[in-house]
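To start, the structure under review is shown below, and the notes come after it.
Throughout, read-outs are computed from the coordinates displayed, never taken from laboratory work. Since this is a predicted model, take the numbers as computed values, not measurements. All Cβ positions, glycine included, derive from the backbone under ideal geometry; neighbour counts span all protein chains shown.
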């Protein structure tokens, strides 16, 4: 029977990867390191069990294409234009600064000018595959430092094209620098124009006709065809396959079908991206690594320090706070995968030797391997640096934080993070005439929302001074809605220290983060998983034709009892545990009196809420007047908002009586 060599290689890689990743999981080593180790073991410089490394490289290329395709779909042309300051200015500054310092060091040790420029290009590039994988695993791709990092990574990928075209000039083979540069710029403009035409006119219509067939297979095939076609055409035009895939993602992102496409492609991307990391490990010569460990480690540490510092400086110049600068700098501390493509091109034109190639490869892979661990520790590093005696403009950013004002808000809500949860809270607060103030770390969001009239301010809420400017001392409620759990925990700790009496509610992504939030001082912690379960519960009941009012009662009861359950599950017992146990089924409910309620025109004594319904009216809101602890002879009017105290089941029964409306 005929043997398929590639299938045998895939089986070996999968089997070895499972074994290595199990050990990595037990030792809490990042999965990316596990894939790199797998490549080292099964590669030609390890056990040599892989028959044809080139076949694995093909699978790795598919992984990078799919990864960049998804990144392009998630980013979109509109978002790219929204972050143009980071993309253009930040990206160019980072490449010029990192490459310039590398060029200067190479000149000091006596290398030729062309080779020094080439080295600067190699070191200035970072790994899109590794950084995006780690940030997505940590849920930080939508955070401020995630957006800055992604913007600059994309520009680096774009700049690979002119770097490749200018390699013969740097090698001294082609001296027509002006012609080469004009050719590169012209090609870039043509590619951008074609991308825009496809995104706006052709691809959305094509996907519309495909989607009308309601065939999932046809839809997946159509999306993959668009991805591979654009990547192939870009490659024929002299652009890298991965950049072509990113452009294809941008094209699809402008249609309303991009989210469905992402969901369909991700399973393929995860598998093929794993081959990329394995293939990187296969390139490493372990003999060379063992022969020069000190040199490799020294150069790797130097590059990590140089790239982190340069990126942090660029982020600070762009006006971001120190914390964002440190997190972004550490995220881009490694050498990128496109540097391997570039160095091979350089060697073809006579730049460097096999010795230099192996040295650069070993150093680059070492920087890649430590990146997940460094990103994991980056919040702690940022926290340590923030406590140093650093000027406020560096700590908080060059953008204005909050202007001091004599008429600052009091008894207000502070909303930290303006994602969907923050927007909904701001909208409902505005409708209810409740004063609120928003703190957000993304300067573009701050600018856009300020133009729309939102009371939003740029500032890092982990800093005491920022919270004090937001008048945290007199805030009634603080709502934290962030993607970054580490930052959220620091904010909870800071808020609780400054205002022990404020009601502090935190949104988390997962249930396992709830306990720590409560331990740090949160009053309520709402995991996204719980909210999703309530929505599923609601929609299922609708399918069984359960009345809307009954569903509302169930949802109210589920939320009250469910959140109380979360508090009981995750809070440590206190000296008040017995009292808390007695009160765990007691709640309050604000309910408006409808125009057909039997309670309209009756006094509290006549309605006898306590005996008839086992609830007590503790407050009445009538227009602009608030009646606390109302007397027994207080008469209830239509549209009064009455705050009731009682057990959850009793509140659920009485709400319908209060809300009764004329049909």
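Note on 415, 343: ascending count of other Cβ atoms within 10 Å places them as 343, 415, the fewest first. Extension gain, residue 92 to residue 270, is 61.0 nm, computed as 0.36 nm per intervening residue step minus the present C-alpha separation.
Between residue 641 and residue 113, the contour length at 0.36 nm per residue exceeds the Cα-Cα span by 182.3 nm.
Calculate the FRET efficiency for residue 616 and residue 528 from the Cβ-Cβ distance with a Förster distance of 51 Å, rounded to the nearest 0.05.
Values: r = 34 Å, r/R0 = 0.67.
Efficiency computed from Cβ-Cβ geometry: 0.90.
Stretched out straight at 0.36 nm per residue, the stretch from residue 354 to residue 220 would grow longer than its current Cα-Cα span by 44.0 nm. Ordered by the count of other Cβ atoms within 10 Å of each Cβ, fewest first, 460, 54, 524, 442 give 54, 524, 442, 460.
By count of other Cβ within 10 Å, fewest leading, how are 87, 340 ordered? Don't skip to the answer; put the middle values down first.
Numbers: 87 23, 340 20.
Neighbour counts put them in this order, fewest first: 340, 87.
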